[in-house]
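*Asks:* Encoded as structure tokens, here's the structure I'll be asking about.
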Amino acid sequence: MKSLISAKAQRFTESVIREMTRLNNVHGGVNLAQGFPDFPAPEEIKQAAADAIHRDVNQYSITWGAKRLREAIAAKTKRFYGVTADPERNICVTCGSTEAMISTLLATVDPGEEVIVFEPFYENYGPDAILSGATPRFVKLRAPDWSFDEKELAAAFNDRTKAIIINTPNNPTGKVFTRDELVFIANLCQKWDALAVTDEIYEHIVYDGLKHIPMYTIDGMADRTVWISGASKTYSVTGWRVGYTIAAEKLTNAIRKVHDFLTVGSPAPLQEGAAVAMGLPDSYYEKVARDYLERRETIYQGLSEAGLVCSKKPGGAYYLLCDIGRFGFPDDTAFAHWLVKDIGVAGVPGSSFFNDPREGHGLIRFTFCKRLETLRAACERLKKLSTRPGGSVRP
Ligand code: PLP
């Protein structure tokens, strides 16, 4: 009998992250699983979006993004990175960076071509590779500092390599790729005529004096980089679905075509809100990073006291990947399910971030994009963990 479900759709499962949110709701836990803020978005950008609805900006915008938003993206890109992107030729607004990634892969990769993915990886990249027909090749980021082995990366490139996905600052590890690392990757992309597809959604969430460097700014990479970012994380509007790509005209044209037939466009009134967001002063961006630093310190302390040790404090983004080995559970899923049910805190089983789930069996990821009260409530509940064998490890 014919299967009514495509072979592609059968090759991946539902999102474990969203599943943990569902379980959290069943058990009334504190949700440190899914990366969406529980604090309000800036007032002025909400007002701008609401005004746009009242002004009747309620029909399709230009498929590749409202002119005003593309101009705001170009201006922000110039302000922060000194890069000139032409709003008419180099920018495509998408439904979040999620759609930017799949549109980019569908626009650039042919079935059978290889895409290099650093592992552990944000769980969407697995299904993205399957949907676009790409063959993923995984290269390890290794604790404690989540660096890659240069020889291993060089060996992953070959004639079939079409692209490498680079997520910096990184989810789930918190790694911020250094200039030297980016230059090393850039040289390989140039040697093998491959694209760099960068997911820079956490570009403004960096700590400890680290600096986010876009691959697009590395010598020789502007023509072979698809630079992806969006409004979700920087402005706490994950539900708006506004993301974008910046790339050379030829690449942008291909991405715009795919994007048009996938979604037509990102919500028009919310693009107006995002345009105002992009223009927020530097002080807004500084405060975002400062506030996240305070949240990082709070949760790091609580997790460490409970015995959930993280190999290194994240340098960017808002996740901590913790070791659960000492608690003696058969695997990460058993631990995560027990934690949400019996302790009342939801995290994401580490296996979600690996191609071979066994490699994540000793890990759990927590997000800290939550109010300090929420994080403190989670820490309070986690104190119960310290009475178990393996708990109570002082930071
Ligand atoms: N990329 C990474 C690395 C993420 O962690 C997330 C959300 O958690 C996204 C993309 C999704 O971003 P968007 O809301 O722009 O689709």
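Each reported figure results from applying straightforward, stated rules to the coordinates on display, with no laboratory input. What you see is a predicted model, and the numbers here were worked out from it, not measured in a lab. Positions of Cβ are generated from backbone atoms using ideal geometry, with glycine treated the same way; all protein chains shown enter the neighbour counts.
*Asks:* Given R₀ = 41 Å, FRET efficiency for residue 371-residue 55 by Cβ-Cβ distance, to 0.05? Can you show the working numbers first?
*Replies:* On the way: r = 32 Å, r/R0 = 0.79.
Computed FRET efficiency for residue 371 and residue 55 comes out at 0.80.
*Asks:* If we count every other residue with Cβ under 14 angstrom of residue 111's Cβ, Lys/Arg +1 and Asp/Glu -1, where does the sum land? All intermediate terms of the calculation are to be shown ahead of the outcome.
*Replies:* Working: positive: 8, 11, 160, 162; negative: 110, 113, 114, 128.
It works out to a net charge of 0.
*Asks:* OK, next. To the nearest 20 Debye, how big is the dipole of the chain about its Cα centre, given +1 on the beta carbon of each Lys and Arg and -1 on that of each Asp and Glu?
*Replies:* Working: 48 positive and 48 negative charges, 130 e Å.
My answer is approximately 620 debye.
*Asks:* Now for a separate question. Is there a pair in 162/250; 78/162; 162/257; 341/383; 211/287; 175/233 whose C-alpha atoms are over 23 Å apart, and which pairs would that be?
*Replies:* On the way: 162/250 16 Å; 78/162 28 Å; 162/257 19 Å; 341/383 15 Å; 211/287 15 Å; 175/233 17 Å.
Among 162/250; 78/162; 162/257; 341/383; 211/287; 175/233, the Cα-Cα distance tops 23 Å for 78/162.
*Asks:* Moving on to the next point. Treat the chain as a sphere of radius equal to its Kirkwood radius over Cα pairs and apply Stokes-Einstein at 4 °C in a medium of 1.567 mPa s; give the translational diffusion coefficient in µm²/s, rounded to a whole number.
*Replies:* Working: Rh = 21.6 Å.
Rounded to a whole number, D works out at 60 µm²/s.
*Asks:* For the chain, with the dipole built from +1 on Lys and Arg beta-carbon atoms and -1 on Asp and Glu ones, taken about the Cα centre, which of 215, 362, 237 lies farthest toward the positive end?
*Replies:* Checked the options; the winner is 362.
*Asks:* Could you tell me the distance between the Cα centroids of the range 1-43 and the range 266-303, to the nearest Å?
*Replies:* Using only Cα atoms to place each centre, the spacing works out to 23 Å.
*Asks:* Determine the dipole magnitude for the range 112-238: charges of +1 sit on the beta-carbon of Lys and Arg, -1 on that of Asp and Glu, nothing else is charged, the reference point is the Cα centre, and the result goes in debye to the nearest 20.
*Replies:* Working: 12 positive and 19 negative charges, 10 e Å.
It comes to approximately 40 debye.
*Asks:* Something else now. Counting Lys and Arg as +1 and Asp and Glu as -1, each charge on the Cβ, what is the dipole of the range 66-131 about the Cα centre in debye, to the nearest 20? Don't skip to the answer; put the middle values down first.
*Replies:* Working: 7 positive and 10 negative charges, 149 e Å.
The dipole of the range 66-131 has a size of about 720 debye.
*Asks:* In Å and from the alpha-carbon atoms only, list the Rg and Dmax of the range 77-130.
*Replies:* Considering the range 77-130 through its Cα atoms, Rg and Dmax are 13.9, 39 Å.
*Asks:* A further question follows. How high is the FRET efficiency between residue 155 and residue 178 when r is their beta carbon distance and R₀ equals 25 Å, given to the nearest 0.05? Kindly include the intermediate steps, with their values, before the conclusion.
*Replies:* Numbers: r = 21 Å, r/R0 = 0.84.
Calculated value: 0.75.
*Asks:* Go ahead and collect, in residue order, the members of the range 215-236 whose backbone nitrogen is under 13 Å from a label point 7 Å along the Cα-Cβ direction of residue 282.
*Replies:* Inside the label zone: nothing.
*Asks:* I would also like to ask the following. Note down the nm distance, to one decimal, between modelled labels 7 Å out along Cα→Cβ at residue 253 and at residue 289.
*Replies:* The answer from the label model is 3.8 nm.
*Asks:* Ok, one more. When the gyration tensor of the range 252-365 is built from Cα positions, what are the square roots of 5 times its three eigenvalues, in whole Å, from largest to smallest?
*Replies:* Values: eigenvalues 252, 101, 32 Å².
Whole-Å semi-axes of the equivalent ellipsoid: 35, 22, 13.
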